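Peer 1: What follows is a single structure, and I will ask about it in a moment.
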Amino acid sequence: MLFRSVTCVKIIDDDEPGNIGFQNAEVTFSETGRFAELTLVRESGCIGEIACTVSTAPGDAIEGTDYEPIPEDQTKVIFCHQQLQAHVRIPLLNTQSFNKQCCFTANLTDIVGIRAEFIKDKTTCKIMICADDKMKNIIDNVTRIVAEDMDQFQVGHETWPTWKIGRAHV
């Protein structure tokens, strides 16, 4: 006689929707770059769709001068089912400053999704904008060359009679 074994397996999906946050608390970009690209991560689960809103707040970097606001259609970041990363691009403006170093912040708000939460201490990202090293080196070299030959470009300091008498002997 043959015995048949039957096994019934029931899979229960107990995964969570996860938590959203910035991958890095602080990032640095050159002002000659076109964008500051920030990475958002989803941890501790990836079931279903969750979303949040990204906004910026000025520091000593000024919106409209050093960076542009996030385009309105890109402020909502949506993580699709099983998506673990998303990116936000903030347009940077090149002011061609010599020794630039300024910052602003990006913030996560308004999370949407059942049981979704923000990752603790990862809802804010400090964005540093610094001067381009290549441009700084060019300006330093030009300044050095001009300083070496500055005597050629000095404005005279003689008075008219002194100049006329000095030139009469030539």
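The values are calculated or read from the model by the stated rules, or taken from the named source; none is laboratory data. If you're wondering where the values come from, they're calculated on a predicted model, not measured in any experiment. Note that we place each Cβ from the backbone using ideal geometry, even for glycine, and neighbour counts take in every protein chain shown. Areas reflect the complete protein model, heavy atoms only, side chains present, ligands, DNA and RNA absent. Shrake-Rupley method; radii C 1.70, N 1.55, O 1.52, S 1.80 Å.
Peer 1: Are there any pairs, at least 6 apart or on different chains, whose C-beta atoms fall under 8 Å, with the first in segment 120-135 and in a loop (DSSP other than H, G, I, E, B) and among the polar types (S, T, N, Q) and the second buried (at least 16 other Cβ atoms within 10 Å of the Cβ) and at pLDDT 95 or above, and if so, which?
Peer 2: Qualifying pairs under 8 Å: THR123/GLY21; THR123/PHE22; THR123/LEU108.
Peer 1: Right, another one. Run down ILE78, ILE47 and say which single residue is assigned to a strand (DSSP E or B), β-branched (Val, Ile, Thr) and open to solvent by 30 Å² or more (accessible area, probe 1.4 Å).
Peer 2: Just a single option satisfies the conditions, and that option is ILE78.
Peer 1: Quick check on segment 50-65: of everything there that is in a loop (DSSP other than H, G, I, E, B) and β-branched (Val, Ile, Thr), which residue is least open to solvent (accessible area, probe 1.4 Å)?
Peer 2: THR65
Peer 1: Considering only segment 103-112, I want to know if a residue exists there that is part of a strand (DSSP E or B) and over 24 Å from the mean Cα position of the chain (by Cα).
Peer 2: yes
Peer 1: So how many residues does segment 86-100 have that are within 18 Å of LYS122 (Cβ to Cβ) and open to solvent by less than 90 Å² (accessible area, probe 1.4 Å)?
Peer 2: 3
Peer 1: Just to be sure, is VAL27 open to solvent by less than 50 Å² (accessible area, probe 1.4 Å), over 13 Å from the mean Cα position of the chain (by Cα), in contact (Cβ under 8 Å) with a residue 40 or more places away in the chain and under 22 Å from MET128 (Cβ atoms)?
Peer 2: Working: open to solvent by less than 50 Å² (accessible area, probe 1.4 Å): yes; over 13 Å from the mean Cα position of the chain (by Cα): no; in contact (Cβ under 8 Å) with a residue 40 or more places away in the chain: yes; under 22 Å from MET128 (Cβ atoms): yes.
Judged against the criteria, VAL27 is not a match.
Residue-by-condition table, conditions (1) out of contact with any Lys or Arg (no Cβ under 7 Å at 6 or more places or on another chain); (2) modelled with pLDDT under 95; (3) at negative phi; (4) hydrophobic (A, V, I, L, M, F, W, C):
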| position | (1), (2), (3), (4) |
| --- | --- |
| GLY18 | no, yes, no, no |
| GLY33 | yes, yes, yes, no |
| THR39 | yes, no, yes, no |
| GLY45 | yes, yes, no, no |
| GLN74 | yes, yes, yes, no |
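Peer 1: Something else about it: Taking segment 108-123 only, how many residues are open to solvent by less than 60 Å² (accessible area, probe 1.4 Å) and farther than 14 Å from PHE79 by Cα?
Peer 2: Residues flagged as open to solvent by less than 60 Å² (accessible area, probe 1.4 Å) and farther than 14 Å from PHE79 by Cα within segment 108-123 amount to 3.
Peer 1: Would you say VAL41 is among the β-branched types (Val, Ile, Thr), open to solvent by 90 Å² or more (accessible area, probe 1.4 Å) and over 17 Å from ILE129 (Cβ atoms)?
Peer 2: It is false that VAL41 is among the β-branched types (Val, Ile, Thr), open to solvent by 90 Å² or more (accessible area, probe 1.4 Å) and over 17 Å from ILE129 (Cβ atoms).
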